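Worksheet for the structure shown next.
The values are calculated or read from the model by the stated rules, or taken from the named source; none is laboratory data. Predicted model, so just to flag it, every value in this text is computed and none were measured. Here Cβ is always computed from backbone atoms with ideal geometry, including for glycine, and neighbour counts include all displayed protein chains.
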Amino acid sequence: MKRLHSIACFVVLSVFLLHVSSCSNNARQNTAKNDLQILVVAGGHRYDTLAFNQIFDNMDDLEVEFVIQPHANAMISRGEADHFDAIVFYDDWKQITEDEKQGYLQLLEKGTGMIFLHHALVSYQDWPEFTRIIGGKYKKARFEGDTTNLSGFKHDINLHVVASPDHPITRGIGEFDIFDEGYTHIDVLPDVTPLLTTTHEFSHPTIGWAHEVKNSRVVYLLPGHAAPGLQNEVYQKIIQRAINWSAQNIK
């Protein structure tokens, strides 16, 4: 959960934008008519850019566009994200305007799928509606509310995960291990459907869930801190299924 330093930010942004250019060129050359249109949003938090981007390189039948905050929120506020079937959020962003909030709500009315990964749970601490959208909250020290039970994190732990057998995203996954980060004392709304659970002492028991908001399907997956987790094949399979489910491509 360390913040971006200016040099690290520049390096990450440069690599990310190089990947954007490469993906855009490949997409124009190889786009299939029925490919899902996916927007991937990052920014505000340091991460392994190559390991994260390679998740989408390994997925078929997707046309992916990458964008960094605050440009993503600007696109959403202007209606420029309306044509995407689903949006994957891997950002940890703080500022959001009223127009941008309305943009998110309009996407939910439209039925755009939303998948939130890892530190996206920390975004928009002062926007209560975001908690309802994502289905939970990571409570930071500056959170204006009950500060007696703030969230915490623990790097480099081995999480033994049990996947729900009853949901299309996780059906048939069973149990698996992932070396990643745990979040403790997060809020998870009672009406979400748990997808992934663990009994690790340094993690909330529910580390993945799904629910519906307005006309949209929304998924949150807690893992995804660094390369070992991002490169986990089971985790990648779950992300791909989450994209397809949220885009209403599978029941």
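Is it the case that the stretch 196-208 has a residue that's among the aliphatic types (A, V, I, L, M), surrounded by fewer than 23 Cβ atoms within 10 Å (Cβ to Cβ) and touching a Leu at 6+ places or on another chain (Cβ under 7 Å)? So that I can check it myself, show each step before the final result.
Looking only at the stretch 196-208, we keep the residues that are among the aliphatic types (A, V, I, L, M), and these are 196, 207.
Imposing the further condition that a residue be surrounded by fewer than 23 Cβ atoms within 10 Å (Cβ to Cβ) reduces the set to none.
Within the stretch 196-208, none of the residues are among the aliphatic types (A, V, I, L, M), surrounded by fewer than 23 Cβ atoms within 10 Å (Cβ to Cβ) and touching a Leu at 6+ places or on another chain (Cβ under 7 Å).
Take the stretch 218-240 and flag every residue that is under 13 Å from the mean Cα position of the chain (by Cα) and within 19 Å of Ile38 (Cα to Cα).
Step one: filter the stretch 218-240 for residues under 13 Å from the mean Cα position of the chain (by Cα), giving 218-225, 230, 235-236, 238-240.
Correct list: Val218, Val219, Tyr220, Leu221, Gly224, Leu230, Tyr235, Gln236, Ile238, Ile239, Gln240.
For Pro128, indicate whether it is under 29 Å from Leu39 (Cβ atoms) and free of Cβ contacts under 8 Å to residues at least 12 places away in the same chain. Steps first, answer last, please.
Details: under 29 Å from Leu39 (Cβ atoms): yes; free of Cβ contacts under 8 Å to residues at least 12 places away in the same chain: yes.
Yes, satisfied.
Scanning the stretch 9-53 for residues that are of a type in the set (Val, Ile, Thr) and either part of a loop (DSSP other than H, G, I, E, B) or modelled with pLDDT under 95 (or both), which turns out nearest to Glu80 (Cα to Cα)?
That would be Val20.
Return the pair list, or none, for Cβ contacts closer than 7 Å from residues in the stretch 232-251 that are without any contact (Cβ under 8 Å) to a residue 60 or more places away in the chain and crowded, with 20+ Cβ neighbours inside 10 Å to residues that are of a type outside the set (A, V, I, L, M, F, W, C) and part of a loop (DSSP other than H, G, I, E, B), at least 6 apart or on different chains.
That search, which allows pairs on different chains as well, returns Tyr235/Pro223.
Name the single residue, out of those in the stretch 222-231 being assigned to a helix (DSSP H, G or I) and of a type in the set (A, V, I, L, M, F, W, C), that is surrounded by the fewest Cβ atoms within 10 Å (Cβ to Cβ).
Ala227
What about Ile115, is it within 26 Å of Ser151 (Cα to Cα), of a type in the set (A, V, I, L, M), under 18 Å from the mean Cα position of the chain (by Cα) and buried (at least 21 other Cβ atoms within 10 Å of the Cβ)?
yes
State the number of residues belonging to the stretch 90-125 that are under 15 Å from Asn73 (Cβ atoms), free of Cβ contacts under 8 Å to residues at least 60 places away in the same chain and not β-branched (Val, Ile, Thr).
14
Within the stretch 62-89, track down each residue that is crowded, with 22+ Cβ neighbours inside 10 Å and touching a helix residue (DSSP H, G or I) at 6+ places or on another chain (Cβ under 6 Å).
Val64, Phe66, Asn73, Ile76, Ala81, Ala86, Phe89
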